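Asker: This structure is in structure tokens; I'll ask about it shortly.
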Amino acid sequence: MWYLKLIVRNAFRHQLRTGLTVLGIVVAILAFGLLRTVVDAWYAGAEAASATRLVTRNAISLIFALPLTYQGRIRQIEGVKSVSHANWFGGVYITEKNFFPQFAVQAQSYFALYPEFIISPDEMREFMHDRRGAIVGRRLASIYGFKPGDQVTLRGTIFPGNWEFVVRGVYDGAEARTDTSQFFFHWEYLNETMRKISPRRSNSVGVYVIGLTSAGHAAAVTAAIDATFKNSLAETLTETEQAFQLGFVSMTEAIVVAIEIVSYLVIFIIMAVMANTMAMTARERSAEYATLKALGFGPLPLAAMIFGESLAIAAVGGLAGIALTFPAAERFAAEVGSLFPVFNVDSGTVMMQAAAALLIGAVAACLPALRAAQVRIADGLRHAG
Amino acid sequence: MPSSTESIVEIRNLVKSYRRGDQIVPVLSGITFDIAAGDYVALMGPSGSGKSTLLNMIAGIDKPDSGSLRVAGTDITALNESDLAAWRARNVGFIFQFYNLMPVLTAFENIELPLLLTDLSARERGEHVAAALAMMSLSDRSDHYPSELSGGQQQRVAIARAIITDPAILVADEPTGDLDRVSAAEILHLIERLNRELGKTVILVTHDPHAAGKARTVRHLEKGELSEA
Amino acid sequence: MKIPLSYSLRNLWTRKLTTALTAGGMALVVFVFSTVLMLEEGLRKTLVETGSRDNVVVIRRSSQTEVQSVIDRAQAAIIESQPQVALGADGGRLVSRETVVLVNLIKRDSGRPTNVLIRGIAPHGLTLRPQVRIIAGRMFRPGSSEIIAGRSAAGRFRGAGIGETLWFGLREWTVVGTFDAGNSGFDSEIWGDAIQLMQAFRRPVYSSLLFRLNDPESFDQVRSQIERDQRLTVEAKRENVYYEEQSRLLANFIRYLGLTLSIIFSVGAVIGAMITMYASVASRTAEIGTLRALGFRQRSILAAFLTEAVLLGLIGGALGLTLASFMQLFTISTMNWQSFSELAFSFTLTPAIAVRTLLFALAMGVVGGFLPAARAARLNIANALRAA
């Protein structure tokens, strides 16, 4: 109790210095939290992947399509509960800056495979009745103000022309990490139009999404599907949904790694600043430490005082930094738009922030505590005059 | 007159040198003398004579290079750091030139500080501190911070702190060096009372003959060697 | 009277630990700042040097990249017949009908697959790109299943080295040469015969057309001709502009993130500098009072302390820049979000970046040191002396 009194009062002795130090820690913890959230967002797709879904694509690369005829054959493989398919549309909504994922899907089977997309039955019915209907995610709807009944025009890049849709429903995610920034429409609409403008490209599918009867069948079904189409015109590559998502991440891995490194760098920078502060403070108080030692206080109580003060300052800064991370993340997500479909500060990040703050406080106190414990009383007293 | 002929401080052949860069500067070259219990000793000498160093040795806050030092019945040269710290807490009261009070603690809390090393309860500590404050006529200043007290008042707080654990010896290094004449006289009077009424052994270091005026025994230190007054 | 520079220098030297920690913090910030600038520059260099101002790329309207573009034979013929298309030494038009596909290849270091761009070119394809030189082996024979790989691709992907083979489009392709494209985007590509590739992938259409302008200034003319032609649904861009646009999304992201980080970091470093300088002023109060009493003006005091802060900044800046220059030893390879293919580029340090970095470091010193220096300058002389 007594030590707490000393620690708190000492911490507030130099209000400007303590204030600046706390500010520095707040900035560092905030930056750290934001960066880690960015890294998490990168992996969000893989995190949200289901263990009972597989993705099959053309073995050459994602830009090559698969024939529609594969669907029936995949359906017959043992372990497969259902099959659906999707095409990446890649259209432009007004300007290129407004990026969000658009998929032409076989609606009935697709939404059955994604129970985490929650749609009201009425809206679903409207969607099924309108061939040009579209279902959009809640996040997308809030960014662009889409409501059921709105007309949306997308300028095709892969599939040329201007495509008109009518929003028929808005889906919510079952969990915080579900991606609600997607735009779904009927594959039939895509196919019919392509049959008219470019028949060679009709009846083709971007990826097949396969639902397994149980997660344990994943390896067997994966092998079976790829074996079925080996040596055909369009060989397939099947992987779990998580592996598929991670594939994208690994292609931009360099950037994610860089961001992770930078997030740790920020902690080191502020550690240097705080260590400096504590060192200066300890040096200025060497007469006091010498006096305490003369009175009979051992090196441990002295070290405890210094650690206590450092940790107290770090704790204040850390708590403030953690609290600010949430509104900051929201601002950031708003700025970046739909580049990161999921942008949540999760509990793991908060724990890392807390640990970082504690680490900063502890490391910063090490050298000063050591010096204070070792100071020779006579020398320390001499400093006073 | 010393109240007993028993020596509370026994010094034999104390030697101490300091390193300054790559030079070794001898400070004490073989000091031998005794201090009787209850005595009031003034150690005098010019600057650099080693008087503060000698005081530091007796108080257990510095160690000699060689020689023996028995204070209050213990050979303190043989004690390790933590035992020495515990010894100091029980046996020595410090009075410094610049008071050395904790700026963030009130007068009351500064005086209470040494009692934290004992196992008295908070209430018991409070009683002791109140008594000390009364003795120093500072009861009305008990929750003032050092920055709110005059030099003389601060030194009185320091003296209260020095006697709160009822130590055997009081060491004072230029206690009046930073005070005006009136406050200085007050402080010297207080110290003399502590010696006369409470029987505390006082060892005072000063270069000012006026400050040494109240002492019963005066020893001179010159270039690390002791001489009789 | 001016206070000499040595005063500031010596004060920094006396408190070594503090100086080291403060300058160290600033150095880390400078490191991040300059690294981001170098990354941006490296990306820009790689993509801008890809492509010449004298060449024109034609792709389908609104397709954004070659990968998503489709041009059929009829349209290709019309485009080739434009009068602004230059003629080669052999009298033929300097045009290359090209087809690009993305293929999954395995990286040598991580064993993981990534998208690589395979470009099918016409015989003039090499001539149109004079910055590309075959540095090992030879050019592929037209009509064969031979391919050549860019220097970066050959090094990074399994099967892309000379003598190695790759399997795609139900065919085995042999690498017969390696080419150097002067650190441009082409270095990450693999080239083969366009007709052969189209057959292998069963695509009867091209992705793009590349031609040389006979007069570099006639671009606007030929562009409006092409884009107004009713029979064509294409758009034309100068080759260098086309590639520069490819990197825009990635470059913008890097710049935005980097700037945000640098600002946040610099706040931390400035705070560190302020704390240090305030403490420095506080511990030298008596000294300052003495200097003032001796006759030094307030602005000399301000200048002396500001100099100290600026020196801290410069030390940190020099250290950070030196560390950052080692980053030039590394290459980054990542997927370009627009073209979807993998791109390798490195950190490039230019004199301009070095200057900007040092100015940034200087600014941090000034901002961090100003308020403390002002406080030092405004101390009351009598009070300051009393602290002695």
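The values are calculated or read from the model by the stated rules, or taken from the named source; none is laboratory data. Being a predicted model, the structure only gives us computed values, none of them experimental. Note: ideal-geometry Cβ built from the backbone for every residue, glycine included; neighbour counts use all protein chains shown.
Asker: Restricting the search to the stretch C:194-206, which residues are over 17 Å from C:V57 (Cα atoms) and crowded, with 24+ Cβ neighbours inside 10 Å?
Answerer: C:L197
Asker: Restricting the search to the stretch A:28-63, which residues are surrounded by fewer than 22 Cβ atoms within 10 Å (Cβ to Cβ), within 13 Å of chain C (Cβ to nearest Cβ) and aromatic (F, W, Y)?
Answerer: Matches in the stretch A:28-63: A:W42 only.
Asker: Please find, within the stretch C:109-122, the residue that is farthest from the other protein chains (Cβ to nearest Cβ) out of those that are in contact (Cβ under 8 Å) with a residue 40 or more places away in the chain and in a strand (DSSP E or B).
Answerer: C:I121
Asker: Pairs under 8 Å by beta carbon, first residue hydroxyl-bearing (S, T, Y) in the stretch C:23-36, partner surrounded by 24 or more Cβ atoms within 10 Å (Cβ to Cβ) and not in a helix (DSSP H, G or I), six or more apart or different chains?
Answerer: Matching pairs, first to second residue: C:T35/C:F347.
Asker: Go through (1) under 32 Å from the mean Cα position of the chain (by Cα); (2) of a type outside the set (S, T, N, Q); (3) not in a strand (DSSP E or B) for A:Y208 and report which single condition fails.
Answerer: (3)
Asker: Sort out which residues of the stretch B:49-97 are in contact with a Gly (Cβ under 7 Å, 6 or more places away or on another chain) and surrounded by fewer than 17 Cβ atoms within 10 Å (Cβ to Cβ), and write them in order of number.
Answerer: B:S82, B:A86
Asker: Taking the stretch C:339-377 as the region of interest, how many residues are among the aliphatic types (A, V, I, L, M), more than 30 Å from A:G90 (Cβ to Cβ) and not in a helix (DSSP H, G or I)?
Answerer: 1
Asker: Here are some residues: A:V152, A:V136. Which one is in contact with a Gly (Cβ under 9 Å, 6 or more places away or on another chain) and either within 14 Å of chain C (Cβ to nearest Cβ) or assigned to a strand (DSSP E or B) (or both)?
Answerer: After applying the criteria, what remains is A:V136.
Asker: Can you name every residue in the stretch C:297-347 that is closer than 17 Å to C:S184 by Cβ and either free of Cβ contacts under 8 Å to residues at least 12 places away in the same chain or not small (G, A, S) (or both)?
Answerer: The answer is C:T331, C:I332, C:T334, C:N336, C:Q338, C:E342, C:L343, C:F345, C:F347.
Residues checked against (1) surrounded by fewer than 18 Cβ atoms within 10 Å (Cβ to Cβ); (2) outside any helix (DSSP H, G or I):
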| site | (1), (2) |
| --- | --- |
| C:M274 | no, no |
| C:A293 | yes, no |
| C:S300 | yes, no |
| C:L306 | no, no |
| C:V310 | no, no |
| C:G316 | no, no |
| C:T334 | no, yes |
| C:W337 | yes, yes |
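Asker: For the stretch A:298-312: of the residues being under 18 Å from A:V8 (Cβ atoms) and more than 35 Å from the chain's Cα centre (by Cα), which is nearest to the other protein chains (Cβ to nearest Cβ)?
Answerer: A:P301
Asker: On the given criteria, is A:V316 over 26 Å from the mean Cα position of the chain (by Cα), touching a residue at least 60 places away in the same chain (Cβ under 8 Å), within 30 Å of A:A176 (Cβ to Cβ) and more than 14 Å from chain B (Cβ to nearest Cβ)?
Answerer: Answer is yes for this residue.
Asker: Against the definition (surrounded by fewer than 23 Cβ atoms within 10 Å (Cβ to Cβ), away from chain A (no Cβ under 12 Å) and in a loop (DSSP other than H, G, I, E, B)), how does C:G125 come out, yes or no?
Answerer: Taking the combined requirement at face value, the residue does not satisfy it.
Asker: Another question, then. Select, from B:S139, B:S150, B:S183, the only residue that is out of contact with any Pro (no Cβ under 9 Å at 6 or more places or on another chain) and more than 17 Å from B:F96 (Cβ to Cβ).
Answerer: B:S139
Asker: If a residue counts only when it is farther than 26 Å from B:V218 by Cβ and modelled with pLDDT under 85, which strands (runs of 3 or more DSSP E) contained entirely in the stretch B:1-93 have at least 1 such residues?
Answerer: Because the criterion is at least 1 residues that are farther than 26 Å from B:V218 by Cβ and modelled with pLDDT under 85, the strands (runs of 3 or more DSSP E) in the stretch B:1-93 that meet it are B:7-20.
Asker: Further, regarding this structure: Taking the stretch C:46-81 as the region of interest, how many residues are within 10 Å of chain A (Cβ to nearest Cβ) and either among the hydroxyl-bearing types (S, T, Y) or crowded, with 19+ Cβ neighbours inside 10 Å (or both)?
Answerer: Here the count works out to 9.
Asker: Restricting the search to the stretch A:53-89, which residues are over 23 Å from A:A215 (Cα atoms) and in contact with a helix residue (DSSP H, G or I) (Cβ under 7 Å, 6 or more places away or on another chain)?
Answerer: A:I63, A:N87 - these are the residues of the stretch A:53-89 that are over 23 Å from A:A215 (Cα atoms) and in contact with a helix residue (DSSP H, G or I) (Cβ under 7 Å, 6 or more places away or on another chain).
Asker: Could you tell me which of the residues B:M136, B:M102 is in contact with a Lys or Arg (Cβ under 8 Å, 6 or more places away or on another chain) and either within 8 Å of another protein chain (Cβ to nearest Cβ) or in contact (Cβ under 8 Å) with a residue 24 or more places away in the chain (or both)?
Answerer: Among B:M136, B:M102, only B:M136 is in contact with a Lys or Arg (Cβ under 8 Å, 6 or more places away or on another chain) and either within 8 Å of another protein chain (Cβ to nearest Cβ) or in contact (Cβ under 8 Å) with a residue 24 or more places away in the chain (or both).
Asker: So, of the residues in the stretch B:139-188 that are in a helix (DSSP H, G or I) and free of Cβ contacts under 8 Å to residues at least 12 places away in the same chain, which turns out to be farthest from B:L54 (Cα to Cα)?
Answerer: Among those that are in a helix (DSSP H, G or I) and free of Cβ contacts under 8 Å to residues at least 12 places away in the same chain, it is B:D140.
Asker: On to the next question. Got a sec? Which of A:F159, A:F229 is surrounded by 17 or more Cβ atoms within 10 Å (Cβ to Cβ), hydrophobic (A, V, I, L, M, F, W, C), touching an Asp or Glu at 6+ places or on another chain (Cβ under 6 Å) and within 28 Å of A:I74 (Cβ to Cβ)?
Answerer: That would be A:F229, the only listed residue that is surrounded by 17 or more Cβ atoms within 10 Å (Cβ to Cβ), hydrophobic (A, V, I, L, M, F, W, C), touching an Asp or Glu at 6+ places or on another chain (Cβ under 6 Å) and within 28 Å of A:I74 (Cβ to Cβ).
Asker: Looking at the stretch A:264-292, which of its residues are more than 7 Å from chain C (Cβ to nearest Cβ), among the aliphatic types (A, V, I, L, M) and touching a residue at least 24 places away in the same chain (Cβ under 8 Å)?
Answerer: A:I267, A:M271, A:M274, A:M278, A:A282, A:A287, A:A290
Asker: Just checking, how many residues over the stretch C:207-235 are in a helix (DSSP H, G or I), over 31 Å from the mean Cα position of the chain (by Cα) and surrounded by fewer than 20 Cβ atoms within 10 Å (Cβ to Cβ)?
Answerer: Adding up the residues that qualify gives 5.
Asker: Let me ask another. If a residue must be within 14 Å of another protein chain (Cβ to nearest Cβ) and farther than 16 Å from C:Q64 by Cβ, how many such residues does the stretch C:225-264 contain?
Answerer: Looking only at that region, the number is 13.
Asker: Sticking with this one: Within the stretch B:108-128, does at least one residue satisfy the condition of being over 18 Å from the mean Cα position of the chain (by Cα), away from chain A (no Cβ under 14 Å) and part of a loop (DSSP other than H, G, I, E, B)?
Answerer: Checking the stretch B:108-128: not a single residue is over 18 Å from the mean Cα position of the chain (by Cα), away from chain A (no Cβ under 14 Å) and part of a loop (DSSP other than H, G, I, E, B).
Asker: Let me ask something else about it. Restricting the search to the stretch A:1-27, which residues are in contact with a Leu (Cβ under 9 Å, 6 or more places away or on another chain), farther than 21 Å from A:A304 by Cβ and within 14 Å of chain B (Cβ to nearest Cβ)?
Answerer: Hits for the stretch A:1-27: nothing passes.
Asker: Report whether or not A:G91 is more than 20 Å from A:L237 (Cβ to Cβ), in contact (Cβ under 8 Å) with a residue 12 or more places away in the chain and small (G, A, S).
Answerer: Yes.
Asker: Going by what's in this entry, would A:G247 be described as without any contact (Cβ under 8 Å) to a residue 24 or more places away in the chain, on the phi < 0 side of the Ramachandran plot, assigned to a helix (DSSP H, G or I) and crowded, with 19+ Cβ neighbours inside 10 Å?
Answerer: yes
Asker: Let me ask another. With the condition kept exactly as written, say whether any residue in the stretch C:159-167 is part of a strand (DSSP E or B) and surrounded by fewer than 17 Cβ atoms within 10 Å (Cβ to Cβ).
Answerer: yes
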